[in-house]
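Notes follow the structure.
The values are calculated or read from the model by the stated rules, or taken from the named source; none is laboratory data. Bear in mind that the values here come from a model prediction, so they are computed numbers and not experimental data. Counting neighbours? That spans all protein chains shown, and the Cβs are built from the backbone with ideal geometry, glycine included. Remember, those area values only see protein heavy atoms, side chains included, never the ligands or the DNA or RNA. Shrake-Rupley method; radii C 1.70, N 1.55, O 1.52, S 1.80 Å.
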Amino acid sequence: MDKNRVYVFDTTLRDGEQVPGCQLTTVEKIEVAKELEALGVDVIEAGFPISSPGDFQSVVEISKAVSEPVICALTRANTMDIDAAAEALRFAKRKRIHTGIGSSDMHIKYKFNSTREDILKRAVDAVKYARKFVDDIEFYAEDAGRADNEYLARMIEAVIAAGATVVNIPDTNGYCLPDQYGAKIKYLMDHVSNIDKAIISVHCHNDLGLATANTIAGVMNGARQVECTINGIGERAGNTSLEEVAMILKTHHALGYHTGINSKQIYGISNLVSTMMRMPVQPNKAVVGRNAFAHSSGIHQDGVLKHRENYEILNPEDVGLATNSIILTARSGRHALKHHLQRLDYKLDKINLDEVYQRFLIMADQKKEISDADLQQLMGDGDAKNYDDDQAIKVTLLQVVCGDPLRPMATVKLKINGTEKEASAAGNGPVNATINAIHEIIKDDIDLDEFSIQAMHGGSEDVSKVNMRVKHNGQSYYGFGYSTDIVSASVNAYVDALNKIY
């Protein structure tokens, strides 16, 4: 076995789905599972079969739909749970039962009202029983982060002897500091006599913002399986973020560790999970956030344009993005302005860049972000005179009909460079219907990659802020819209993005 190979165990469909409001249908879970397979994860924890008929059926159907990764089902340390998991996994090509019990004195006393010896026996019995159904058994020692190391080592040694092939050392409450958690894994490596018969797995929560750091500390001290979720979703503050761990190990290649993750699939599956689970990714989220490769500071823009690695340790193409974003704002410098003017085919040898830059700063002080249309006006381009309110495309009519049981319908009239065009379309909601109507007019291949709505203050009369990212010809464009009407704000954001394209 490759001693530097780190196996990736994804629990987006089990632990990630425990977030309130993020539940998926079986069909949606299958779609995510197939994308996880394409991403290259080694294990998919498909659900907790005993918990509900829906979860049971999801494990069954995912087992049928996915062939490469191991399909894992969670149980508690009792026979009913294990029976349900074994039955749900009957179609899986490669199957694993994930059983376990609490290991900290806190859980032993206050959760189970039991003793260390009784819990140890229940752990061993569960593993032995699970081995009657499958050969691949993972044991989790819940709340291991707060467990006594000597007792934890006894438990891990006993369950490996009983047949566990993977032992999971969860920091269930996100309590540990990285050095503490790393030391705990090293203690097990040094004090469990049969530890070479199993893989140590790390499952860290983010209650103190340390999940990724603790996971890496675990790997550096002997763990060879990492348990993660896409976008770091999960109970309370979330789980270890898969994309962060994968890119840390890829970026710090001198450590010698490697995974089977195809990093170019990361951005796509991040968007899929965010959309399906209705859980927007925060803009400053590492690796996949909207601002992860966006630069607005003049010093940073200048450095990136001279040599990308001055301010980017990750290549955006490595995670599935076409390029970074040089955003023109009042903080942008001459180099960034020059970059965008060259992109728009202005002949710089015929331009007084210093004079243009001074006019640019005046405009940038008045607007949060400078678009291509703004630059055309700044340069006195004749075509810019055709813009209404600085926009090549402007909404002159928006009419939406929706409700229950009515099917949402939208009629949109756009003025494009002075010419009005109108179209109507249906959709699965008022925003979708409106965008479909716009597509009827634009007739271009445009994909909506990100869509988020934020209330500015609170209350039913609040102003909504909508952020959108669209993709056209491999390039991403951002649009922003504001309105007390969510549909109008969404249309404004979409048209803002279109204006940046055209």
Here the relative contact order (percent) of the chain, from C-alpha pairs under 8 Å and at least 6 apart, is 9 percent
Eigenvalues of the alpha-carbon gyration tensor of segment 7-277, times 5 and square-rooted, give semi-axes in Å, largest first, of 26, 23, 17
A 1.4 Å probe over the protein heavy atoms gives the chain a carbon and sulfur accessible-area percentage of 49 percent
What helix-only [θ] at 222 nm does the chain give? Using -39500 (n - 2.57) per DSSP H run of at least 4, over all residues, to the nearest 500, the answer is -11500 deg cm²/dmol
If one compares the long axis through the Cα atoms of helix 353-366 with the longest principal axis of the Cα atoms of the chain, the angle in degrees, nearest 10, works out at 70 degrees
Probe 1.4 Å, all chains present, heavy atoms only: Asp196 accessible area in Å², nearest 10, is 110 Å²
For the chain, the dipole about the Cα centre with charges only on Cβ (Lys and Arg +1, Asp and Glu -1), to the nearest 20 debye, works out at 520 debye
Between Lys121 and Glu317, Cβ-based FRET efficiency (R0 56 Å, step 0.05) works out to 0.60
Sorting Leu249, Leu414, Cys22 by the position of each Cα along the dipole of the chain (Lys, Arg +1; Asp, Glu -1; all at Cβ), the one nearest the positive end of that ordering is Leu249
Short to long, in 10 Å steps from zero, the percent of alpha-carbon pairs of the chain per bin is 4, 17, 24, 21, 15, 11, 6, 2, 0
Rounded to the nearest 10, the angle in degrees between the Cα long axis of helix 53-65 and the longest principal axis of the Cα atoms of the chain comes to 80 degrees
Taking Cα atoms, the helix 334-343 axis meets the longest principal axis of the chain at an angle in degrees (rounded to 10) of 80 degrees
From the cross-link list Lys109/Lys132; Lys347/Lys500; Lys29/Lys64; Lys285/Lys500, the entries with a Cα-Cα span beyond 19 Å are Lys109/Lys132; Lys347/Lys500; Lys285/Lys500
From highest to lowest solvent-accessible area (probe 1.4 Å; ligands, DNA and RNA excluded), Tyr257, Tyr7, Tyr175 read Tyr175, Tyr7, Tyr257
Taking only protein heavy atoms and a 1.4 Å probe, the highest-to-lowest accessible-area order of Asp15, Asp444 is Asp444, Asp15
Expressed per residue, the solvent accessible area of segment 7-277 in Å² (1.4 Å probe) is about 38 Å²
Dipole check, segment 7-277, charges on Cβ (K,R +1; D,E -1), about Cα centroid: among Pro53, Ala164, Gln225 the Cα furthest to the positive pole belongs to Ala164
Length gained, Met220-Ser67, 0.36 nm per residue minus C-alpha separation, equals 52.1 nm
Each label sits 7 Å from Cα toward the beta-carbon; between Cys402 and Lys109 the label points are separated, in nm, by 5.4 nm
Computed over segment 393-501, protein heavy atoms only, probe 1.4 angstrom, the accessible area per residue in square angstrom equals 50 Å²
